[in-house]
Amino acid sequence: MNAFKIIFFSIVFLGLSRDVQAQDNELRLIPDWKIKSLAKTAEMDGNWYQAANYYEELLTRTGENQETLASLANVYWNSKDYLNASDYYYQLFQDYPEEGIYLLRYALLEKHLGKPESAIYYLERYQRKFLNKEPNEETYQLIRKEIEGCELAIKKGNFNPLLEVHRLPNNVNYPHVEISPFPQGDTLYYAAIRTEKLEYEESEVPVSKVYMAVETDSIWRVFNHNLPIANEKVNIGNLVFNDEKNELAYTQCERESPTYYRCEIYHAKKINGVWKEPEALKNVNQKKYTQTQPTFAKGPDGTQLIYFVSDQPGGQGGLDIWYVAKDKSGSYRKPKNCGKKLNTPGNETCPRYHNTSKTLYFSSNGLPGYGNMDIFSIVGYATKWASPQNLGGPINSGADDLYYVIKDSVSGFFTSNRPGVNSLQSGTCCDDIFRFRIKELVKVSVEGTVDFVIPGDDKSKVKVGLYKDLGEKNVLVAETTPNETGEYKFTAEPDQNYKILAEKDGYLKGMKDLSTKGVKKSKGMEVAKINLLPETNQPIVIRNIYYPFDKDYLTDASKITIDTTIFEILDANKTIKVEISSHTDWFGTDSYNEDLSQRRAQSVVDYLIKKGIPAERLVAKGYGEKQPIAPNQNPDGSDNPVGRAKNRRTEFRIVGYLPQYEEIIYEE
């Protein structure tokens, strides 16, 4: 999907009359060569409906031929008229089997029409017939992505018993497209071309405007807004507000060529209850490229961000999602690409950020999906992201699904051109607004306790945070303080990995893992107690780390001990550098015991490195029998097995601090 169709889907469907008023009863008076010329001109201008009318007339007059059939199939393809496009591409690949593009497009149309099994058959047929003879890596990757998307649609299906989806009524969804729904309390802002005409003179083409819809007693009513963003000469859309409702942003687009609209982001502030005049967003807009679809967000440290879409240089390909951070002066810095975990060589569009769950929702055609543009979620911020997740059906369909936005804990909106939309011509031409509702909200009630290894401090002064685990980075989603007995509670989402982090000045941070993967119904979960250690450079003994007699490798039981002690401490406290020391009793020579203890300490370090702790944070030291903490023999000179057991130990102590790992950098 090229850039202008993503930026403003609506514009391409407005027919612009040229030279001849193409009424059906007048077409018969126009010679064939003129009909063909008008068809090609309309096609070049992106006036797909008008082009289709001319090509249909030409086909009736001249009979079926490859050129006219291919042109007609192409304009139906571009106007998202899947049924007509499918009919003509089927005929083309049957009549002209050596033209691979016909078979490929027919296969993709089967996918758009919700027939993934058939799409796989024709995609594999294309691969065998064309790619096996003349390998092309780019096309091969496309085929694999599309097949994976079809397999996903077959596996997950279009039904989710926890969700219901309904299209908003026709007084909201006019026959042309509606885009960028954004709920603000009881009001839904959106952009649309509210007209029921199909063709216009070039000087009369309407522009997209922002409207507000309000639902009262299940009845939707549409109103004009009183915001300072009206402009009768350009297309306006993608209106969003920040959480404080004192800033807004929107997109303003102008046509630079028949098939390209360049957009800029505008921004306004509310001061003393009054909206100031919007201005083009500084540092973001670039004259040669498009910037569109802004959305406000909060970084983990509270910094205000704006995510947006652009085709500017420095991206991964196509349209990418970028972000810009607000500095302390209130200005926005230079934009930065969100990176390869989010963006693909395809198009990523329509970002909407949910601050509570630290989740970005977006649409992409660069990832395996049900249709062309599918909606995905991804946890993270800026350039720190987990893996994208396809939302599945019934949110996604074989068509284009866009602008997913959450209204509250159980509902939200998105747009789609799936069959059944309100349209002037084909049944899939135009995007309408849909609402989704969660019929059964799955909640996970999390309970845990915090304590101190050395009793006596105030547990209610501990800060406990719930973090979504992104692998390389954790993102804070909730924070609380325990009661006097150290008990705390959180509400978590299903199908997530979390870390719970407890911290207090003077103590090492404590952390426990929590997974809600596989949770399908609301339930309660209890987290193991977090014991906070004082922050000291004195050695701390870790009990139950054992080795086979006279050996230096770790037992399985010892690995479990390390996982729940040293590793958790290091994972929670990412700036400390520690010495891992091993000690023996007095059996054996000094040199032998020192060598054995060094190897044992190194085995702990090696194990921690394998689990992801950087080597520069670890020092292995073997002390042999030189630092006993209990007598190896009794006062009468007899053997003291209890004392020797205490001396055979593993300890760690803090020996330094590395540069801050957790600093949040929005601009390099």
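Output the number of the condition that ILE7 fails; it satisfies all remaining conditions of (1) at pLDDT 90 or above; (2) in contact with a Phe, Trp or Tyr (Cβ under 6 Å, 6 or more places away or on another chain).
Result: ILE7 passes all but (1).
For region 389-404, does any single residue satisfy the condition of being within 24 Å of TYR250 (Cβ to Cβ), touching a residue at least 60 places away in the same chain (Cβ under 8 Å) and among the acidic types (Asp, Glu)? Please lay out each step first, then the result.
Pass one, region 389-404, residues within 24 Å of TYR250 (Cβ to Cβ): 400-404.
The next check asks that each one be touching a residue at least 60 places away in the same chain (Cβ under 8 Å); those that pass are 400, 402-403.
Next, only the ones that are among the acidic types (Asp, Glu) stay: 400.
Looking for residues that are within 24 Å of TYR250 (Cβ to Cβ), touching a residue at least 60 places away in the same chain (Cβ under 8 Å) and among the acidic types (Asp, Glu), one finds at least one in region 389-404, hence yes.
For region 222-232, check the following and say yes or no: at least one residue is part of a loop (DSSP other than H, G, I, E, B), over 27 Å from the mean Cα position of the chain (by Cα) and among the aromatic types (Phe, Trp, Tyr).
Taking region 222-232 as the starting set, the residues that turn out to be part of a loop (DSSP other than H, G, I, E, B) are 224-232.
Pick out the ones that are also over 27 Å from the mean Cα position of the chain (by Cα) and you get 224-232.
Add one more test, that the residue is among the aromatic types (Phe, Trp, Tyr), and what stays is none.
Taking every residue of region 222-232 in turn, none turns out to be part of a loop (DSSP other than H, G, I, E, B), over 27 Å from the mean Cα position of the chain (by Cα) and among the aromatic types (Phe, Trp, Tyr).
Does region 92-115 hold any residues that are surrounded by fewer than 16 Cβ atoms within 10 Å (Cβ to Cβ) and either of a type in the set (Phe, Trp, Tyr) or in contact with a strand residue (DSSP E or B) (Cβ under 6 Å, 6 or more places away or on another chain) (or both), and which are they?
TYR96
Are any residues in region 342-371 of a type in the set (Val, Ile, Thr) and surrounded by fewer than 24 Cβ atoms within 10 Å (Cβ to Cβ), and if so, which ones?
Of everything in region 342-371, those that are of a type in the set (Val, Ile, Thr) and surrounded by fewer than 24 Cβ atoms within 10 Å (Cβ to Cβ) turn out to be THR344, THR356, THR359.
Go through region 354-388 and count every residue that is over 11 Å from the mean Cα position of the chain (by Cα) and free of Cβ contacts under 8 Å to residues at least 24 places away in the same chain.
The number of residues fulfilling the criteria is 0.
Which of (1) in contact (Cβ under 8 Å) with a residue 24 or more places away in the chain; (2) within 32 Å of the chain's Cα centre (by Cα) is the odd one out, the single condition GLY100 does not satisfy?
Here GLY100 meets the rest and fails (2).
Is it the case that LEU142 is surrounded by fewer than 19 Cβ atoms within 10 Å (Cβ to Cβ), of a type in the set (A, V, I, L, M), assigned by TED's automatic domain parsing to the domain that holds PRO116 and within 30 Å of the chain's Cα centre (by Cα)?
So LEU142 fits the description; yes.
Out of curiosity, is PHE434 assigned by TED's automatic domain parsing to the domain that holds VAL379, touching a residue at least 24 places away in the same chain (Cβ under 8 Å), crowded, with 20+ Cβ neighbours inside 10 Å and touching a strand residue (DSSP E or B) at 6+ places or on another chain (Cβ under 7 Å)?
Values: assigned by TED's automatic domain parsing to the domain that holds VAL379: yes; touching a residue at least 24 places away in the same chain (Cβ under 8 Å): yes; crowded, with 20+ Cβ neighbours inside 10 Å: yes; touching a strand residue (DSSP E or B) at 6+ places or on another chain (Cβ under 7 Å): yes.
Spelling it out, PHE434 is indeed assigned by TED's automatic domain parsing to the domain that holds VAL379, touching a residue at least 24 places away in the same chain (Cβ under 8 Å), crowded, with 20+ Cβ neighbours inside 10 Å and touching a strand residue (DSSP E or B) at 6+ places or on another chain (Cβ under 7 Å).
Under the condition of being basic (Lys, Arg) and in contact with a strand residue (DSSP E or B) (Cβ under 6 Å, 6 or more places away or on another chain), which residue from region 469-511 is farthest from TYR381 (Cα to Cα)?
Only one residue fits best here, namely LYS489.
Of all residues in region 464-522 being basic (Lys, Arg) and surrounded by 16 or more Cβ atoms within 10 Å (Cβ to Cβ), which is farthest from THR359 (Cα to Cα)? So that I can check it myself, show each step before the final result.
Restricting attention to region 464-522, the residues satisfying the condition of being basic (Lys, Arg) are 468, 473, 489, 499, 504, 509, 512, 517, 520-521.
Keeping just the survivors that are surrounded by 16 or more Cβ atoms within 10 Å (Cβ to Cβ) gives 468, 473, 499, 504, 509, 512.
Working: LYS468: 10, LYS473: 14, LYS499: 16, LYS504: 28, LYS509: 26, LYS512: 22 Å.
The selected residue is LYS504.
For GLU579, only one of the following conditions fails: (1) in contact with an Asp or Glu (Cβ under 7 Å, 6 or more places away or on another chain); (2) among the charged types (D, E, K, R); (3) closer than 15 Å to ILE542 by Cα. What is its number?
(1)
Among the residues of region 213-250, write down those that are surrounded by 15 or more Cβ atoms within 10 Å (Cβ to Cβ), without any contact (Cβ under 8 Å) to a residue 40 or more places away in the chain and more than 22 Å from SER331 (Cα to Cα).
The answer is GLU215, VAL234.
Conditions tested, residue by residue: (1) out of contact with any Ser or Thr (no Cβ under 9 Å at 6 or more places or on another chain); (2) closer than 18 Å to LYS611 by Cα.
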{"residue": "THR480", "(1), (2)": "yes, no"}
{"residue": "GLU503", "(1), (2)": "yes, no"}
{"residue": "LYS521", "(1), (2)": "yes, no"}
{"residue": "THR536", "(1), (2)": "yes, no"}
{"residue": "ILE545", "(1), (2)": "no, yes"}
{"residue": "SER558", "(1), (2)": "no, yes"}
{"residue": "THR565", "(1), (2)": "yes, yes"}
{"residue": "LYS574", "(1), (2)": "yes, yes"}
{"residue": "GLU579", "(1), (2)": "yes, yes"}
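The values are calculated or read from the model by the stated rules, or taken from the named source; none is laboratory data. As the structure is a computational prediction, the values presented were derived from the model and not from experiment. Virtual Cβ from ideal backbone geometry, glycine too; neighbours counted across all protein chains shown.
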